[in-house]
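Heads up, the thing below is written out as structure tokens.
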Amino acid sequence: MIRKHVLCLSILTVLSPVLATQSYAQLHLEITKAPEAAPKIAIIPFNNDQSIYPIVESDLNRSGKFSSASKNLPANASMNNPNTDAWKTAGVPYVVTGTVKTTESGAFEVHYQLYDIEKQQYLLNELLTVPASRIRQAGHMISDAIYQALTGIAGDFSGRIAYVLRNPATPEQRYTLQIADTDGEQPKTILTSRDPILSPAWTPDAKKIAYVSFETKRPAIYLQDLASGQREKLASFRGLNGAPSFSPDGKSMLFTASMHGNPEIYQMNLETRVLQRMTNDTAIDTEARYAPDGKSFIFTSDRGGSPQIYSYNLSDASSKRLTFRGAFNARGSLSADGKKIALVHRPSGSNYKVAIQDINTGITNILTPTSLDESPSFSPNGQMVVYATREGNRGLLAIMSLDGRFRMNLPSEQGEVREPAWAPQ
């Protein structure tokens, strides 16, 4: 049975009151560690297509769960003819085929199939109707569907990542806030400024982004609508204003402020703008992040003598320390199921690595091979982490699977890339 879908996605137009020019800094995908011994999947070039199947092949390769077997193998396949015996002999359990047709309106009909060689049945047999402007999104959506059909986990290929680009060569646009596809393609500028931009944070519906801007020479938190470009100032209190985070229902925001002298965590009701002070300690409390159930949040504090991650229970205002291994643990990010924390961990000396801690067991595993890592952010399905790092004189983003089997770099030729934030699903 063929399932039919119409891909009607609005084109994202990004305008900004402080956007001088539209500058798109392309991120370049570099595979630095490919998965070993991953199940093979053959993505056969789609008929009448040069755009979609390379995206699907690249997506599934960089998932860390599969390796493409489309090249250098004697077997072949076509729509409704998976050539089962040949692929079974070649040891390839899954085959993807497809074809693309142009409609009278200029849109595309994309018919694709996912065939299980062992079971000798189609796992997916779908027909998409795609506007010409959304052909890349169609490729990512197909990858998401295939990934979910084979793993039972929702794919994240059609998601987006926000990041800050720092380019000293352009003083008037030294800092740029951008969003791009998870493979670095289709970058769009949200904001440019000669002053620092920090801490991008998505709203739960992924339609708006909050960030910290120093454009008035003091830190303030702004919220910007991605479709209209309209923005509003949420926090510009005396002293620090930083590290915004939105509640799962989008009604509240946690942020760090020092309006009363010491950096503490505050909660703002976004409808009434009423503030509530959440922490009150002589230490520095910052980097709060809501738990997925909205009943608690994690934050960084040096109240124990060194930066560590704590949890705060919203029902009784109690706090408890979560990290104990290492003299430095900060910049915590929670997985969508609330079971893991990605954090910046210093095991020794000046090495700062991304680590993953299981909240229930407290077991911490160092994830990254580099030594100057920061700002980890989980993918919505919890299978990948994006973070900022340095390699030589390059400041770049890296994406790594939680099992460590796959890693790719996303550098830019136009400057250093920092502060990544993966958009919610």
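Every number here is computed from the coordinates shown, using simple stated rules; none is lab data. Here the structure is a predicted model, which means the values were calculated and not measured.
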* **Alpha carbon convex hull of the chain, projected area averaged over orientations, nm²** => 22.4
* Asked: Length gain on complete extension for the stretch Arg277 to Asp205, per 0.36 nm per residue less the alpha carbon to alpha carbon distance?
  -> 23.3 nm
* Of the residues Met259, Met408, Met400, which exhibits the maximal mean-square fluctuation in a Gaussian network model of the chain defined by a 10 Å Cα contact cut-off? -> Met259
* Structure fact -> extent check for segment 37-151: Cα max minus min per principal axis, descending, whole Å, gives 43, 28, 24
* lysines with Cα under 21 Å of Lys217, excluding same-chain neighbours fewer than 8 positions away -> Lys233
* To do: Give the angle, between 0 and 90 degrees and rounded to the nearest 10, that separates the Cα long axis of helix 135-151 from the longest principal axis of the Cα atoms of the chain.
  => 90
* May I ask for the percentage of alpha-carbon pairs in segment 287-379 that lie more than 16 Å from each other? => 49
